[in-house]
Each structure stands twice: as C-alpha cells, then as structure tokens.
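Structure record follows, encoded as structure tokens.
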Amino acid sequence: MAVDPRWPLALFRGAAPVALGLLLWVAIAGGEQERQQTLKAQPGVDDPSLSQRRRHNELIMAALREAAETDENVAQRRVPWRK
C-alpha cells in the first residue's frame, strides 16, 4: 500500500496553526508573572484601600438590588437614600 504524497503536506498544514498558537501562548504566558508583580506594586493595593473598595462595591450592589426589587424610580431619589 503506497502512502499518498499529499499526506505530509496535509499534516504540516494542520500542525502549523497548532505550533503557532503554542508559541504565542508561551510568549504571552511568560510575561504573566511580571504583570502580576507590576499589579501588586501599584498604589491602592494595600488592605485599607481594598476594604474601602469592597465596601463601595457592596453599597452599589445593594442599591442595584433594591432598584431591581421595586417599581419606584430610584434614580429620582434624593441622596442619601432611605429604605
């Protein structure tokens, strides 16, 4: 049984995109640790800032939850909001 001469070319055409994707993944993943270190070194990553940001996000989520549960137009309310 003879091997079709197009088989190696088809194999190369199938393997080339996979190899290219692997090379790109390695190139991008190599910089991930550096990116993590850069993010950790940025200002505002300390515990008080993070807890303040979490609290702010909790307040926003509570307001959104309240707005979703009521038929009233909460955008027209005066600040500070009262339940």
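The values are calculated or read from the model by the stated rules, or taken from the named source; none is laboratory data. In this text the structure is predicted, and so the values were computed from the model without any measurement. Cβ sites come from the backbone with ideal geometry, for glycine too, and all protein chains shown count toward neighbours. Please note that ligands, DNA and RNA were not included when accessible areas were found on the heavy atoms of the full protein model with its side chains. Shrake-Rupley method; radii C 1.70, N 1.55, O 1.52, S 1.80 Å.
Those residues that are loosely packed, with under 10 Cβ neighbours inside 10 Å and part of a loop (DSSP other than H, G, I, E, B), I need them from segment 71-83; list them, please.
Once the filter is applied, which keeps residues that are loosely packed, with under 10 Cβ neighbours inside 10 Å and part of a loop (DSSP other than H, G, I, E, B), segment 71-83 yields ASP71, ASN73, ARG78, VAL79, PRO80, ARG82, LYS83.
Just need a number here: residues in segment 1-41 that are open to solvent by 90 Å² or more (accessible area, probe 1.4 Å), in a helix (DSSP H, G or I) and β-branched (Val, Ile, Thr).
2
Determine, yes or no, whether LEU59 is open to solvent by less than 100 Å² (accessible area, probe 1.4 Å) and modelled with pLDDT of 85 or more.
The answer is yes for LEU59.
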